[in-house]
Amino acid sequence: MKHLNKKLILLLTLFVFISGSIFAASDDEDDDRDTYVESFTMGDQMFFINGGVFIPLFFFDRSYDFGKTNLTLGGTGSLCWQVFLSNHISVGAELGGMFALSPNKRVLYMIPLTAKATYWIRFYPFEIPISLGLGGNLSILEEAAHIDFIAKPSIGFFWNFNEEWAFGANATYWFVPQIYSGSGMVESGHSMFGNFMDVTLSVLFRF
Amino acid sequence: MDKKILSLVLVLITIPLLFSCNESEIGIFYGLRHEKKVKNYALPDHCSSETMIKTDGYLYVAASSIYKKRAEGGELDWHKIKSPEDYHNVTEMGLANGTIFILAYDEDDAVPYLFSGSGDGSWEKKDTSTIEKTISRMRVVNDVIFITDRSGNLYYSDDYGDSFTKDDSRSPLFSTSTGNFDITYGGGSYYLNAQYDLYRGAPGGWTEFSPTHDGKKWKDKEDVFNRLYYDEDDDRLYTADNSGYIYAVDSPSGASGSSWVKSDSHASSGMGLQGLAVLRIPTSAGSEHKMLVAGSGINAGRGYFEVHNPRTSNRDYLDPKRPRHSVEILSNYYDYMSFDISKAAINSFFVDDYGDGNFDLYALTFGYGVWKNTNKGGYVRGWNQE
């Protein structure tokens, strides 16, 4: 019985000690956040991982005849690296990917690779990045593939967990003009402008 | 660190350039915008079929089992009807005097037998005791039933399957035991294609039909010929070979029957051509557009080809080509490809004619099901798997 009491006291002491350490650490982090002010200088870098839902919007052709994409909701993800030029402006590159299904379960894949510039609006502990990505997009449907230009304007909302990590969400518009010159197998009248968007959750790491 | 990141970015940029961009024929986004769901009307997706018939307002197709539905668009769904008891795997079908004839295999899947029926699921096994060996293939043309056995002998029945006569004038048809053959009828004459040899005449009275092309007699050709198709309106006989060339002869029953014309080019990639059919499509201008459709054979590539306004006045006018969308622009009904059958080997075509230029074109494939292309007053590429 005495042995049991001793063990119990030892366990309780240990628990109180560990709990105290944890809460003290939490308090420290809270203090850090209270006093932390984001400030980035040229050369500071960051890395994003994004994942979420791909939303097909509409197609239109050269005569502005709008029509459905006939695609299902899909999935999307991307990796993005950026470097700060100043406290509010960063530039970098983003490699993404998406998939969505056609009415006959054919899978459309698009792999955009864009140069990306972002302007950061900050009100601690939150940040709103407004970005524009421009680059190339590889569309693949069964055995067919085509590389097109892509423009991806986006807006996000991030919460800074600490000076390294932030978590947030983005909404991005995908504008993909799929242009055929008519010199190949596809006639120019089959050019089509793709309009899509994605909504993603994002993890940001600064280093 | 910065150099590493720069290297990574350069690698990422080069990734898309490594993809070879295979063009779709219609454009990826354009194809998606116009894609429609392929509906399945109860036929197995991967069945093989060679023959479809139309009788008494119904269509029947042999696709291992037998299926029927109302003709002329009266019904979308196919209904399975009973095969002969203890027999299955119906491979071939024909129509003579309003009676359906089928070849169905025994339980061991080894020997096919001939049955007749009216399409209500009751079948009568026919007496084929005069056929010396196991039945191989069947064709029913102009109410005459033709059968080959595994020795390559040809038999025919002109009394609707009650008795079979060995056709001594043309037996054996082949040097091999299981050769393919085809027969068609038109202009008062039958035409028989036995792979390397062509004959015309009548059952029991065949004569060699020895056209020449490229300075060679027909039978000197090393490549085999496939299906025959007789176009009654033009009094023209067509066939195609395993290299993808199309052949045509005008007035085949007459003296000019030896003046065959061979297409100048063959189907892309040298695909052998098998199924043939001629369509006559009314145009928005009130005229008629004639089109020969051709399906690739089993042992070659895949897909579907067209010859627009086929003529024998020039070899170019028989060249088979992949369908091009530019043709649809002529149509007053613009409904582009919902799904293609480019992966299919097409055994034969069947045209369900409604009259007034309206028809359903069926493509019977090897292992890729049965497909329908509905003409709604124009060129429509809306192939739908049945």
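With a 1.4 Å probe, what is the total accessible area buried between chains A and B, in Å² rounded to the nearest 100?
On the way: alone 12430 and 18050 Å², together 27170 Å².
Counting protein atoms only, the buried area is about 3300 Å².
Given just the C-alpha atoms of region A:64-143, how large is their convex hull per residue in cubic angstrom? It would help to have the intermediate numbers written out before the result.
Details: hull volume 11.7 nm³, N = 80.
So the per-residue hull volume is 146 Å³.
Which of the pairs B:LYS39/B:LYS372; B:LYS68/B:LYS343; B:LYS36/B:LYS290 have their Cα atoms more than 22 Å apart in this structure? Walk me through the numbers on the way to the answer.
Values: B:LYS39/B:LYS372 11 Å; B:LYS68/B:LYS343 25 Å; B:LYS36/B:LYS290 27 Å.
Table pairs above 22 Å Cα-Cα are B:LYS68/B:LYS343; B:LYS36/B:LYS290.
Once the principal axes of the Cα atoms of region A:138-197 are found, what is the range along each, listed largest first in whole angstroms?
The Cα atoms of region A:138-197 stretch 54, 20, 15 Å along the principal axes, largest first.
Starting from 0.36 nm per residue, how many nanometres of slack lie between A:ASN195 and A:ILE147 once their C-alpha separation is accounted for? Walk me through the numbers on the way to the answer.
Values: separation 48, 0.36 × 48 = 17.28 nm, distance 1.56 nm.
Separation in residues times 0.36 nm, less the Cα-Cα distance, equals 15.7 nm.
Express the accessible area of region B:125-171 per residue in Å², computed with a 1.4 Å probe while the remaining protein chains stay in the model. Don't skip to the end; give the middle numbers.
Values: 1960 Å² over 47 residues.
That works out to 42 Å² per residue.
State to the nearest 20 debye the size of the charge dipole of region A:100-207 about its Cα centre, where the only charges are +1 on K and R beta carbons and -1 on D and E beta carbons.
Working: 6 positive and 8 negative charges, 30 e Å.
Result for region A:100-207 is approximately 140 debye, rounded to the nearest 20.
Suppose R0 equals 25 Å; then what is the FRET efficiency for A:THR72 and A:PHE175 from their Cβ-Cβ distance, rounded to the nearest 0.05? Show your work: numbers first, answer last.
Details: r = 20 Å, r/R0 = 0.80.
With R0 = 25 Å, the Cβ-Cβ based efficiency is 0.80.
Which whole-number value in Å³ per residue fits the convex hull of the alpha carbons of region B:49-130? Working shown, then result.
Details: hull volume 7.5 nm³, N = 82.
Per residue, the Cα convex hull of region B:49-130 comes to 91 Å³.
Could I have the simple spin-label model distance between A:TRP165 and A:SER86, label points 7 Å from Cα toward Cβ, reported in nm to one decimal?
A separation of 3.2 nm, rounded to one decimal place.
Averaged across the residues of A:184-194, what count of C-beta atoms belonging to other chains lies within 10 Å of each residue's C-beta?
Values: counts 4, 9, 9, 8, 1, 5, 12, 3, 7, 1, 4.
Across A:184-194, the average partner-chain Cβ count within 10 Å equals 6.
Based on C-alpha coordinates, I'd like the Rg and Dmax of region A:113-154, in Å.
My reading of the Cα-based Rg and Dmax gives 15.0, 49 Å.
Across all directions of projection, what mean area in square nanometres is found for the Cα convex hull of region B:122-201?
Projected over every direction and averaged, the Cα hull of region B:122-201 covers 5.4 nm².
Taking only C-alpha pairs under 8 Å that are 6+ residues apart, what is the relative contact order of region A:45-206 in percent? Mind showing how you got there, number by number?
Working: 469 pairs, mean separation 37.9, N = 162.
The normalised contact order for region A:45-206 reaches 23 percent.
Non-local amide H neighbours of B:TRP260 (under 5 Å, H modeled in plane, Pro and chain starts lacking H): which ones?
B:THR212
So if I restrict to the alpha-carbon atoms in region B:86-125, what is the Rg, and what is Dmax, the biggest pairwise distance, in Å?
Every Cα atom of region B:86-125 included, Rg and Dmax give 9.8, 31 Å.
Per-residue mean of other chain beta-carbon atoms within 10 angstrom of the beta-carbon, peptide A:77-87?
Numbers: counts 0, 0, 2, 0, 4, 0, 2, 0, 0, 0, 0.
Partner Cβ neighbours, averaged per residue: 1.
Using just the Cα positions, wrap region A:45-206 in a convex hull and report its mean projected area in square nanometres, one decimal place. Let's see the in-between values first.
Details: hull surface 39.3 nm².
If you wrap the Cα atoms of region A:45-206 in a convex hull and average its projections, you get 9.8 nm².
Determine, from the Cβ-Cβ distance of B:ASP162 and B:SER243 and an R0 of 51 Å, the FRET efficiency 1/(1 + (r/R0)^6), rounded to the nearest 0.05. Mind dumping the intermediate values first?
On the way: r = 41 Å, r/R0 = 0.81.
With R0 = 51 Å, the Cβ-Cβ based efficiency is 0.80.
Compare each residue of region A:93-120 in its chain alone against the assembly with all protein chains, and report those whose accessible area goes down by 40 Å² or more; 1.4 Å probe, heavy atoms.
Residues meeting the cut-off: A:LEU95, A:PRO103, A:ASN104, A:ARG106, A:LEU113.
The values are calculated or read from the model by the stated rules, or taken from the named source; none is laboratory data. Note that the structure is predicted; figures quoted are calculated from it, not measured. No Cβ is skipped: glycine too gets one built from the backbone with ideal geometry, and neighbour counts run over all protein chains shown. For the accessible areas, the whole protein counts, side chains as well, though only heavy atoms, and no ligand, DNA or RNA atoms are used. Shrake-Rupley method; radii C 1.70, N 1.55, O 1.52, S 1.80 Å.
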